[in-house]
1. When 283, 185 are ordered from fewest to most other Cβ atoms inside 10 Å of their Cβ, what list results?
2. How far, in degrees from 0 to 90, does helix 203-215 lean away from the longest principal axis of the Cα atoms of the chain, to the nearest 10?
3. Please report, to one decimal in angstroms, the Kirkwood hydrodynamic radius of segment 166-298 built from all distinct Cα-Cα pairs.
4. Give me 235, 314 ranked fewest to most by other Cβ atoms within 10 Å of their Cβ, as a rough exposure proxy.
5. Could you tell me what % of all Cα pairs in segment 256-382 have separations over 17 Å?
6. Calculate how steeply helix 325-337 sits against the longest principal axis of the alpha-carbon atoms of the chain, using the helix alpha-carbon long axis, and give the answer as 0 to 90 degrees to the nearest 10.
7. Between residue 82 and residue 352, what length comes free when the chain is fully extended (0.36 nm per residue of separation minus the Cα-Cα distance, one decimal in nm)?
8. Give me the one-decimal nm value for the distance between modelled label points at residue 277 and residue 111, 7 Å along each residue's Cα-to-Cβ direction.
């Protein structure tokens, strides 16, 4: 789909109702905001073949990405709590201290504001730090450094001063870690100009997106999920190579379909795929499942093209329902795909409640396969 630069201005300054002029009898062609469809600045491999496939855990894929970037780029280093001698709280940095030494893999005190500030300062000095948070809930202690220092400096310097820093760690719900360790920050960081935000699901996502984040001259937030670290996914021969990089801002259609578009991210992609399989088995419904991969920039074109095909859209995320990633996607669907909708758009999100510690209540507070399936059947009137 092609669109002119004039159609690509941010929608805050260009209400869709004023610009999408067409006859009522003909469907409007969607226009996409520039911020959502920004071109990927790196020369990167964006595909994966099916030959030479092997099973790789998300943890090992992240470790491989870090090792490859440390090997090829002397400006890259890692810092964070327990990343060196303990091999990382989740063993993502296992073996890197022995391989690259204490100047490249650095243990820090338990002071997120301090070591995050060090990472941002190093990036402003021309290095490419990877700042690991034991959980993004702890990154709240460093929110000033992430937003006011890292995200805004490039713009405020008139494009002169880049800030190549990568913030990574587990985000969202885990298991039995209660309210203060379970929050999903996708929408928080996605709302900040100057930050790029990615949220991998599979092992290929994890490796390709982390490598892209480290190479990107902008600050990038990599939101992983603790429950995915030990999960193994097929990794293609292409993805096993050290030149495998996925483009930031490009979604992936994990399951093609014609009856319903399901847009999801992180661990909820797997839940959505399971729900889609049940829809097919029980009702003969072909649901298309889109793995966002990138929260910001959003791949609006892939979403709208899918909506154009299916006529129905449902977004699934673990974040809170108010002002979330799903809210933004459905707003964009209304702006750029309203004429394609044959049913109201639907969200499946986490509950509007601090995450309970009790296992039964915890399970009820996040999307499950049955939750997704139930909302899909209502949407499809099955």
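Every number in this text was worked out from the coordinates using simple rules, so none of it is lab data. Remember, it's a predicted structure, so these values are computed and weren't measured experimentally. Positions of Cβ are generated from backbone atoms using ideal geometry, with glycine treated the same way; all protein chains shown enter the neighbour counts.
1. Working: 283 15, 185 21.
Result, fewest neighbours first: 283, 185.
2. Between helix and principal axis, roughly 60 degrees.
3. Values: mean 1/r = 0.0643 Å⁻¹.
Roughly 15.6 Å, rounded to one decimal.
4. Going from least to most buried by this count: 235, 314.
5. Values: 4304 of 8001 pairs.
For segment 256-382, the share of Cα pairs beyond 17 Å comes to 54 percent.
6. Helix 325-337 sits roughly 40 degrees off the main axis of the chain.
7. Working: separation 270, 0.36 × 270 = 97.20 nm, distance 3.30 nm.
Value of the extension gain: 93.9 nm.
8. 4.9
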